[in-house]
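These notes are about the structure you will find just below.
The values are calculated or read from the model by the stated rules, or taken from the named source; none is laboratory data. It should be emphasised that the depicted structure is a prediction, and the values quoted were computed from it without experimental measurement. Cβ atoms come from the backbone with ideal geometry, glycine included; neighbour counts cover every protein chain shown.
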Amino acid sequence: MDAARQPKLEANAVKLAFYNERMKRRLEVLDGIHLKVFEGELVAIVGPSGCGKSTFLNAVDGLTKINAGEIKVDGKLVTSPGPDRAMVFQQDSLFPWYTVTRNVSYGLGLQKRLAKDEILDRADELIDLVGLEGFADHYPHELSGGMRQRVNIARALAPDPQLLLLDEPFAALDAQTREFMQVELMKILSRTRKTALFITHQIDEAIFLADRVAVFSTRPARIKEIVTVDLPAHRSLEVKLQPRFRELFSHVWRLIQEESARTGFAVGNGGDA
């Protein structure tokens, strides 16, 4: 990355620990994380199970306070959650008593920045963007898992955040729907030009989606390596069959295996790490 460019997200020497009062024990989770994410990038984070990936994402969102270092979005220190960041969780967390339109527009209504007709126009625009034309008046229970997660993404995009934070958003989906949603997410991010930080256990998902993959070490986490994904920017699922994709997959897998071996934990297969 060009050193002269201003990063959208910058984490410098981030350390984080939790204290367990019952056990009288301090648990070190993050031990000096340095990471820059530039505008329009998707950076994926992978690493051994329990290494602190989601904890780091929560810190970026301002939900979890760090003990040392700093996190900045557009040059501003992160001290609490804010409208410049939006989180998409593994579970869709939609309001079951609201329609798709009401779910997507919920955050905008709370902000009270737009008139009612403007909020509805924005919701309609995003519903179309995520490919749910014709489902605006449906309720969550009337939608498939993949459709609900699209609503979740549309809701996150509604306030026009600068940074989209995705914490294993497709983990609860079946394998076929998950691959379809990977393609859809790439289309959505391309059209909105959003910057994203994506947590996943799936190495192939990280390589398919990301411009770069940050591999976390075992806890307390450091960044073991940042792998540049030198594949075409516009990807179809066929890219997973290319030799270069397999080379990147194997490289990231070896990095995670090395970390897992340090803890004595045997990782089962190359698709889940």
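Residue by residue, here is whether (1) within 19 Å of F245 (Cβ to Cβ); (2) not charged (D, E, K, R) holds:
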{"residue": "L173", "(1), (2)": "no, yes"}
{"residue": "R178", "(1), (2)": "yes, no"}
{"residue": "V183", "(1), (2)": "yes, yes"}
{"residue": "D204", "(1), (2)": "yes, no"}
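Within region 102-131, the set of residues being over 16 Å from A86 (Cβ atoms), touching a residue at least 24 places away in the same chain (Cβ under 8 Å) and surrounded by fewer than 19 Cβ atoms within 10 Å (Cβ to Cβ) comprises just one member, G131.
One line per residue, one yes/no per condition, for (1) under 17 Å from the mean Cα position of the chain (by Cα); (2) over 25 Å from E258 (Cα atoms); (3) among the charged types (D, E, K, R); (4) surrounded by fewer than 17 Cβ atoms within 10 Å (Cβ to Cβ):
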{"position": "N20", "(1), (2), (3), (4)": "no, yes, no, yes"}
{"position": "K36", "(1), (2), (3), (4)": "yes, no, yes, no"}
{"position": "I45", "(1), (2), (3), (4)": "yes, no, no, no"}
{"position": "P48", "(1), (2), (3), (4)": "yes, no, no, no"}
{"position": "D61", "(1), (2), (3), (4)": "yes, yes, yes, no"}
{"position": "E70", "(1), (2), (3), (4)": "no, yes, yes, yes"}
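Taking region 161-190 as the range and being free of Cβ contacts under 8 Å to residues at least 40 places away in the same chain and in contact with a strand residue (DSSP E or B) (Cβ under 9 Å, 6 or more places away or on another chain) as the test, only L185 passes.
If the condition is being farther than 19 Å from E39 by Cα, out of contact with any strand residue (DSSP E or B) (no Cβ under 7 Å at 6 or more places or on another chain) and either among the polar types (S, T, N, Q) or without any contact (Cβ under 8 Å) to a residue 12 or more places away in the chain (or both), then region 66-88 contributes T79, S80. What are the residues in region 16-50 that are part of a loop (DSSP other than H, G, I, E, B) and over 15 Å from E225 (Cα atoms), if any? Passing the criteria: E21, R22, M23, K24, F38, E39, G40, E41, S49, G50.
A123 fulfils the conditions (1) under 19 Å from the mean Cα position of the chain (by Cα); (2) among the small types (G, A, S); (3) modelled with pLDDT of 90 or more except for a single criterion, (1). Checked against (1) surrounded by 21 or more Cβ atoms within 10 Å (Cβ to Cβ); (2) more than 23 Å from F170 (Cβ to Cβ), F56 passes all but a single condition, namely (2).
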